[in-house]
Every structure is written in C-alpha cells, then in structure tokens.
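Shown next, in structure tokens, is the structure this report addresses.
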Amino acid sequence: MIHPDTELRFINNIVGYGVVAKKFIPKGTITWVQDDLDSVYTTDDIQRINPLMHNFIETYCFVNARGEKVLCWDIAKYVNHSFNPSCMSTAYDFEIAIRDIYPGEQLTDDYGYLNVSEPFEAEDEGTVRKVVYPDDILKYHEQWDKQILDNLPHIGLVDQPLQKFVSQPNWEEFSKVITGQSLLRSIKTCYYPQNILNRG
C-alpha cells in the first residue's frame, strides 16, 4: 500500500507515469507497506498465468528474497527508479522516505534492491551509476542500510498513516531497532540470486 498523500501522474516520455506526492511527506515517513492485497507469485504460479500477461508481470513486479514476484495492487507498482531515490526499502516489508518529499515530487526507489532480472541502463541523472544490475544490493547494501539508520530518529516524530498495515512481528522487531535494543536487519537479506549477466 502506497502512502495516501500520493497520486499517479504522467512524468515524461522516458519513464511514463510515476507516483507523486500530493502533500508534503517528511523524511522518516513510511511510504509503502507490503499488505495482504498485494499478489505474490511463485515460479509455478507464473507458469499457470496466460503468457500474454508475463510481460506485465516482468514490468510491474519486484522479486523478494524467496524468488517470488510481488505485484502491488495499487499505484505503488508505478514508483520509478532513481539513483538518488526519495524512498528506501527495509528488510521489514516497508519503505520510508529518506528525505523530505515535497508536493509534486516523485516517490522513487533504487531498483538495485528489487532483484531485477537483468541489467538495464537508467535515465541519466548525472550520477556515477548509470546501469542497474541484479546484484547491486550486494555492492550497496551498507550504504542503503545507513540511509535507514540515519532516519531512525525521525520515524517516531512524524505522522505514520501506514504503520498499522505493517505486520505486527515486523513492527515489533523494527521498534527494537529504533530504540537501540536490536541491530537493523540488513537490506542485503532481501537479495535473491538469479542467473545474471556479467557487469559491463
């Protein structure tokens, strides 16, 4: 489930549509939660789906740590990639805003932690990284974990309309991270190894 203060808008001819903030979303806000309406497909499930739908699944699903494809039921599936994302995933099935997101600004993810099936060249943002690779999470997980850790102090200070949708076990574990009782579970644990092409 995507944050309620968002909407789908046409961005440009390169990325197409994207998810945009309708109101100010401060850093530390939970921006997405995997909920019970999201569809989770095993490899066997996908083989039973009409092949004409496979391209849609490949385009709009992400792959979890078990190798299952997850299709968000709402506009969350239109969140675009950025090498400077406004949101960051956690290993607890939710994402947070890692910086303030202003009205009209996109909510973006780094697809490097979504277990993409093959490398792709992303829109040039002036960053050193130009290509998203299936194993980026193995290279950048410490950097991404730090962005979550840096925002822990903000999580309890902002309105959290999506917190009630986080599973109780995940929130209890994450709450211990916030209070310093437990270590953060690394986003690296979300990695699913696939048969991937070598880095260029």
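Observations on the model:
- Solvent-accessible area of the chain (1.4 angstrom probe, protein heavy atoms only): carbon and sulfur portion equals 52 percent.
- Violating pairs (Cα-Cα greater than 31 angstrom) within the set LYS130/LYS188; LYS27/LYS69; LYS130/LYS176: LYS130/LYS176
- For the chain, the 222 nm mean residue ellipticity estimated from helices alone, with every DSSP H stretch of n ≥ 4 adding -39500 (n - 2.57) and the total spread over all residues, rounds to -6500 deg cm²/dmol.
- Per residue, the Cα convex hull of region 71-184 amounts to 130 Å³.
- For the pair region 117-154 / region 1-76, the C-alpha centres are spaced 18 Å from each other.
- Computed with a 1.4 Å probe over protein heavy atoms only, the accessible surface of the chain comes to 54 Å² per residue.
- Alpha-carbon Debye profile of the chain, log10 I(q)/I(0) at 0.11 Å⁻¹: -0.49
The values are calculated or read from the model by the stated rules, or taken from the named source; none is laboratory data. Please read these numbers as outputs of a predicted model, since none were measured by experiment. To get the accessible areas, we keep the full protein, side chains included, count just its heavy atoms, and leave off ligands, DNA and RNA. Shrake-Rupley method; radii C 1.70, N 1.55, O 1.52, S 1.80 Å.
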